[in-house]
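K.L.:
One structure is given below, represented as C-alpha cells, and several questions about it will come after.
All of the numbers you see were taken from the coordinates with simple rules; none came from a lab. Just so we're clear, the structure is a prediction, and the values are computed from it rather than from any experiment. With ideal geometry, Cβ positions are generated from the backbone for all residues, glycine too; neighbour counts draw on all protein chains shown.
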Amino acid sequence: MSDLTSSTHKLNSPIDPAEVPSHKHISNRKILKTTWRFMRPYSSRILLASIALILTAGLSLGLVQIIRVIVDSGFVAGSNTSLNVALLGFVAIAIFQAIGTFARFYWVSWLGERVTADIRKSVFTQLLRLHPGFFEANLSGEISSRITTDTTLIQTVIGSSVSIALRNFLMLIGGTIFLFITNPRLTSIVLLCIPLVVGPIIFFGKRVRKLSRDSQDEIANVGAYVGEAIQQIKTVQAFNHQRHDKQQFDRHVEAAFSVSRRRIYMRSVLITVVMTTIFSALAAMIWVGGQDVIDGRMSAGELTAFVAYAVIVAAAVGAISQVMSELQRAAGAMERLIELLESKSAITEPIGQEAALQEPVRGEINLENLLFCYPSRPDNPALNGLNLTVRPGERLALVGASGAGKSTLFDLILRFYDPQTGSVTLDNVDIKTLHPETLRRQMAIVSQQPALFTGTVLDNIRYSHPDASDEEVSLAAKNAYADEFITQLPQGFQSHLGEGGVRLSGGQRQRLAIARAILKNPRILLLDEATSALDAESEQKVQLALDHLMKGRTSIVIAHRLATIKNVDRIVLMKDGQIVAEGCHEDLLSSSSLYKKLAKLQFN
C-alpha cells in the first residue's frame, strides 16, 4: 500500500522545475551552426531548391514587366499584336514558374523531413548513451516532447518557413531594385518606411522567442503529466483520484494556454504594426504616383508596374515579419534539443583502447572501499567504505532492510553509476577501463519488478539475445517454466503483451524476465528478489530453474525472504551501506543478532 501511496503522491504533485533541465542561453550562432550540421550532408538538394527558389522569384518579378507592356502597348496604345505577344509571354512565364514552384516545394519539403528525421535519430542515440541518473532528474514525458513536438516545429520551419522567408527576401530585394528603375522618387517613400518596419520585427521577435520557449516547456509538462497518469491508471482509479487529477491537468493546460496566448498577442501586435506601416506607405505612394500620371510625368503602365512592385515588396515584408515569429519559435525548440544533444553522461567510455578481459571470463568481482552517494542525496551515503569479494562461480546473497544498499551494489557493478571513492573490478580489471557494453555483455539481471516492452512474447525474451533462434527462445522459456502459460496465450509466442506487459500477471512477467536472462547465458547473474512475485508452485519451479542456471556462474542474489537463499554459498548482511556480517545461514543465526531477528520475524 505504501507503494501505491507514494505513486499517487508523485503523480499528483506539481512538476518540480528543478527536475527540468536548466535553461542556459544558447546564441543564435550556435543554433544556426547546429542546424547547418544536420543540413550540410544534403548540400546538393539545398542547391537544387535554391536554384528553383531564385528562378520562381525572378519569374514573379518578370511577370510585372509583362503586365506593364500589356497596359501600355496593349490597352493604352490599342495594339492587338503587342497584346497577343505579351499574353503569350505571360503564359510562358506562368508555366515555367509552376515548374519551378514544384521543384522548390518538393526539395524544400524533402529537406525538412530528412533533417528532422536525422535530428530525432541523433537525439535518441544521445539519450541511449546517458547514464540512468539523468533520467531520474528529468521527466520522461518532457524529454519525449522534445523529440516529437520540438522536432515537428523545426520540420515545419525548414520545410516551409525558411523557403517562404528566402523567397520573400529575394522578392523584397528584386522588387526594390525594379522600383528604383521605374521611379526613384517614389521609391524613396517606400525606403523611408523600412526602419519603421524592421524595428518592431527585432523588438517583438526577441519576446516571441522567449515566449515560444516557455510555451514548449509548458506543453512538455502537459505531455509528462498525461504519460504518468496513463502509466499509473490503476493507482489513479484505485484511490478514486480522477477528479483531483483532472484539476491538476486543467491547471497544466491553462498554464500552457496562458503562455501561448501571450506569444500569439505579441505576434499579432507585430503583424499589425508592420502591415499598418506598409500600407500607409503604399497609399502615400499611389497618391504621389497618381498625381504624376495626371500631370503626364508617368505612364499608366509604369504606375501599374510600380504599384505591383510596391505590393510585392509590401507583401514580402509582411510575410517575412510573420515568418520571423516562426523562426523564433524554431530557435526556442532548437535550444531545447541542443541541451539534450550536449548533455554529458556521467558514465564515460575509456579514453583510448579499452582494457581486455581474460577469456573465458572467470566472473570474480571485487568491491574495494566503496563510498557512493546518489546525486539527489549527496550528503547521505548509500554505501560507506564497503569491501566485498565475490569469488568465481560463487552464489552470494545480499540481505538487509530496505535502504541498506543492496540495489545500489547492483547499480555500481553494472556501472550505472561510478562511486565517489573506491573501485569495482571484474577479474582484477577496473570496470572503468572497460567499455560499458563489454562489461554488461557478461551480465544478466532479473529485477524485482521486471521491465517488459510493447511487443510479442518472442520479442521480449529475445531482447537479451536478438540473434537467438526460435528454438533457443523456446528452450529458455521452458527452463524458466514460462512455456506453460505462453502456450495458453491466443497466439503463443506471437501474442502481444501490451505496454509494459500489462496483459500478464506479475508472476508471468517475472518468468519472462527469467527466460530473457537464461537466453543471454551470462557469466554473472544479478537476481533482485527474482521469485518475489510468484505463487508457491511457480516459485518452486523457477527456483529449480535458477539453481540450474546459477551452476558454474557467479551469482549475486538480493533477497528479502531468507527461505529462498538458505542454500547459497555465502550470505552477506548489510546495514546503512556497510557489511555487518557474512557467512552461511546457520553461522549467521548464531553469530548475528540482526540476522537472527530477521529470521525470527520471517520463520515465525
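K.L.:
By how many degrees, 0 to 90 and rounded to 10, does the Cα axis of helix 300-341 deviate from the longest principal axis of the chain?
P.N.:
The angle comes out near 10 degrees.
K.L.:
Would you mind ranking Cys584, Cys373 so that the residue whose beta carbon has the fewest other beta carbons within 10 Å leads the list?
P.N.:
Cys584, Cys373
K.L.:
When a footprinting reagent is the concern and you count Cβ atoms within 10 Å, what order do Asp250, Asp547, Asp118 take, fewest first?
P.N.:
Lowest to highest Cβ neighbour count: Asp250, Asp547, Asp118.
K.L.:
Next question. Nearest 10 degrees is fine. How inclined is helix 2-12 to the longest principal axis of the chain, computing both from alpha carbons?
P.N.:
Rounded to the nearest ten degrees, it is 10.
K.L.:
While we're on this one: For a protection proxy built on the mean count of beta-carbon atoms within 10 angstrom, sort 427-440, 588-601 highest first, please.
P.N.:
The densest-packed peptide leads the list: 427-440, 588-601.
K.L.:
Something else about it: Neighbouring Cβ atoms within 10 Å as the yardstick, rank Lys478, Lys344 fewest first.
P.N.:
Lowest to highest Cβ neighbour count: Lys344, Lys478.
K.L.:
Which ³J(HN,Hα) values in Hz, rounded to whole numbers, follow from the phi angles of region 34-42 under the Karplus curve 6.51 cos²θ - 1.76 cosθ + 1.60, where θ = phi - 60° and Gly and Pro get x?
P.N.:
Per-residue couplings from phi come out as 5, 5, 5, 4, 7, 8, 4, x, 10 Hz.
K.L.:
Taking 25 Å as the cut-off for C-alpha to C-alpha distance, list the pairs among Lys406/Lys596; Lys551/Lys596; Lys344/Lys575; Lys406/Lys600 that go past it.
P.N.:
Lys551/Lys596; Lys344/Lys575
K.L.:
Using only Cα atoms, locate the centre of region 242-293 and the centre of region 382-461, then give the distance between them in Å, rounded to an integer.
P.N.:
Here the answer is 56 Å between Cα centres.
K.L.:
So how far, in whole Å, is the C-alpha centre of region 112-130 from the one of region 37-56?
P.N.:
What the calculation gives is 21 Å, centre to centre.
K.L.:
Here is a follow-up. Got the relative contact order for the chain handy, in percent, Cα pairs under 8 Å and 6 or more residues apart?
P.N.:
14 percent
K.L.:
Next question. How large is ³J(HN,Hα) for each residue in region 452-458, as worked out from phi by the Karplus curve 6.51 cos²θ - 1.76 cosθ + 1.60 (θ = phi - 60°), to whole Hz, x for Gly and Pro?
P.N.:
Whole-Hz 3J(HN,Hα) from phi for region 452-458: 10, 10, 4, x, 8, 4, 4.
K.L.:
Of all DSSP beta bridges in region 365-603, what percent run antiparallel (nearest 5)?
P.N.:
For region 365-603, the DSSP antiparallel bridge percentage is about 55.
K.L.:
Still on this model: Considering only DSSP beta bridges with both partners in the chain, what is the antiparallel share in %, to the nearest 5?
P.N.:
Rounded to the nearest five, the antiparallel share is 55 percent.
K.L.:
Within region 349-417, which chymotrypsin sites (Phe, Trp or Tyr not before Pro) sit in a loop by DSSP and count at most 16 neighbouring Cβ atoms inside 10 Å?
P.N.:
Those satisfying the criteria are Phe416.
K.L.:
Here's another thing I want to ask about it. To the nearest 10 degrees, how steep is helix 162-182 against the longest Cα principal axis of the chain, on a 0 to 90 scale?
P.N.:
20 degrees
K.L.:
Which whole number in µm²/s is D for region 365-603 by Stokes-Einstein, with the Kirkwood Rh taken over Cα pairs at 10 °C and 1.306 mPa s?
P.N.:
Answer, rounded: 85 µm²/s.
K.L.:
For every helix of n ≥ 4 consecutive DSSP H residues, a contribution of -39,500 (n - 2.57) applies; sum these over the chain, divide by its total residues, and give [θ] at 222 nm rounded to the nearest 500 deg cm²/dmol.
P.N.:
Counting only the DSSP helices, I get -20500 deg cm²/dmol.
K.L.:
Computed FRET efficiency, Cβ-Cβ of Glu499 and Val288, R0 60 Å: what is it to the nearest 0.05?
P.N.:
0.30
K.L.:
Please get the size of the charge dipole for region 365-603, origin at its Cα centre, with Cβ charges of +1 on Lys and Arg and -1 on Asp and Glu, quoted in debye to the nearest 20.
P.N.:
The calculation lands at about 340 debye.
K.L.:
Here is a further query. Two-decimal Rg/Rh of the chain from alpha-carbon positions, Kirkwood Rh?
P.N.:
1.16
K.L.:
Considering every pair of different Cα atoms, what Kirkwood radius, in Å, is found for region 321-396?
P.N.:
17.9 Å
K.L.:
Take every Cα-Cα pair in region 504-604 and report what % of them are more than 21 Å apart.
P.N.:
Taking all Cα-Cα pairs of region 504-604, the fraction more than 21 Å apart is 39 percent.
K.L.:
Kindly list the residues of region 356-385 that lie in the label zone of Gln420, defined by a backbone N under 13 Å from the point 7 Å along the Cα-to-C-beta vector.
P.N.:
From region 356-385, the list is 370-385.
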